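Enquirer: Quick one: the structure is below, questions incoming.
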Amino acid sequence: MTSVKGVLVTSVLVTVFGIINGLVVYFLANAFGDPLRVTSSPSGDEYAKLTPALVIAAIILAGIGAAAVALIARATKRPVTVFLVTTIVFFAFLLVAPLTGTEDTSTMVWLIVMHVLVAIPIIGGLARYLGGHGTVSF
């Protein structure tokens, strides 16, 4: 069985890699002239520009959520399967925001790419750890 400390250490490591990936996509989008404007009001008629701080905060929340799921999944008979199914379902729901809350198509594409490149190290790294392969080494 994996340790709580191991899950937490791995979660921090993979979240850092997720932050790096997210910021790379953020700065690439801005370099290509896309301001990454998203809906900032419930009515959907006001838009705000994403900032690096918002990107980092969202990724940290994703890392905390994935760590919580990993800690719960480790107590099951098939922790990797439980973790992967749960996180992939949550990931699919998280893709609704870029599909519906963006000003234009290019922002939607950039945000989907960002979501995928952030999810890969977080979900993949924790699944690898839960599978008994030790801490993640990138």
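Enquirer: What are the residues in the range 95-119 that are among the charged types (D, E, K, R) and surrounded by fewer than 16 Cβ atoms within 10 Å (Cβ to Cβ), if any?
Expert: 104
Enquirer: Would you pick out the residues in the range 1-43 that are out of contact with any Asp or Glu (no Cβ under 8 Å at 6 or more places or on another chain), surrounded by 12 or more Cβ atoms within 10 Å (Cβ to Cβ) and small (Gly, Ala, Ser)?
Expert: 6, 11, 18, 22, 29 - these are the residues of the range 1-43 that are out of contact with any Asp or Glu (no Cβ under 8 Å at 6 or more places or on another chain), surrounded by 12 or more Cβ atoms within 10 Å (Cβ to Cβ) and small (Gly, Ala, Ser).
Enquirer: From 82, 69, 136, grab the single residue that is hydrophobic (A, V, I, L, M, F, W, C), within 21 Å of residue 3 (Cα to Cα) and at pLDDT below 90.
Expert: The match here is 136.
Enquirer: How many residues, within the range 48-81, are among the charged types (D, E, K, R) and closer than 22 Å to residue 26 by Cα?
Expert: 1
Enquirer: Output the residue which, of all residues in the range 61-86 that are surrounded by fewer than 18 Cβ atoms within 10 Å (Cβ to Cβ) and among the basic types (Lys, Arg), is nearest to residue 120 (Cα to Cα).
Expert: 78
Enquirer: Every residue in the range 19-50 that is within 21 Å of the chain's Cα centre (by Cα), closer than 14 Å to residue 97 by Cβ and assigned to a loop (DSSP other than H, G, I, E, B), please.
Expert: If the condition is that a residue be within 21 Å of the chain's Cα centre (by Cα), closer than 14 Å to residue 97 by Cβ and assigned to a loop (DSSP other than H, G, I, E, B), then 36, 40, 50 are the ones that fit.
Enquirer: Being loosely packed, with under 15 Cβ neighbours inside 10 Å, under 14 Å from the mean Cα position of the chain (by Cα), modelled with pLDDT under 95 and not charged (D, E, K, R) is the requirement here; does residue 89 meet it?
Expert: Numbers: loosely packed, with under 15 Cβ neighbours inside 10 Å: yes; under 14 Å from the mean Cα position of the chain (by Cα): yes; modelled with pLDDT under 95: no; not charged (D, E, K, R): yes.
Answer is no for this residue.
Enquirer: For the range 102-109, check the following and say yes or no: at least one residue is more than 20 Å from residue 132 (Cβ to Cβ), part of a loop (DSSP other than H, G, I, E, B) and not acidic (Asp, Glu). Even if it seems obvious, please write down each step before you answer.
Expert: Within the range 102-109, the first condition is being more than 20 Å from residue 132 (Cβ to Cβ), and the residues that meet it are 102-109.
Narrowing further to those that are part of a loop (DSSP other than H, G, I, E, B): 103-104.
Right, trim to not acidic (Asp, Glu) and you get none.
No, the range 102-109 contains no residue that is more than 20 Å from residue 132 (Cβ to Cβ), part of a loop (DSSP other than H, G, I, E, B) and not acidic (Asp, Glu).
The values are calculated or read from the model by the stated rules, or taken from the named source; none is laboratory data. Predicted model, so just to flag it, every value in this text is computed and none were measured. Ideal geometry is used to build each Cβ from the backbone, glycine not excepted, and the neighbour counts take in all protein chains shown.
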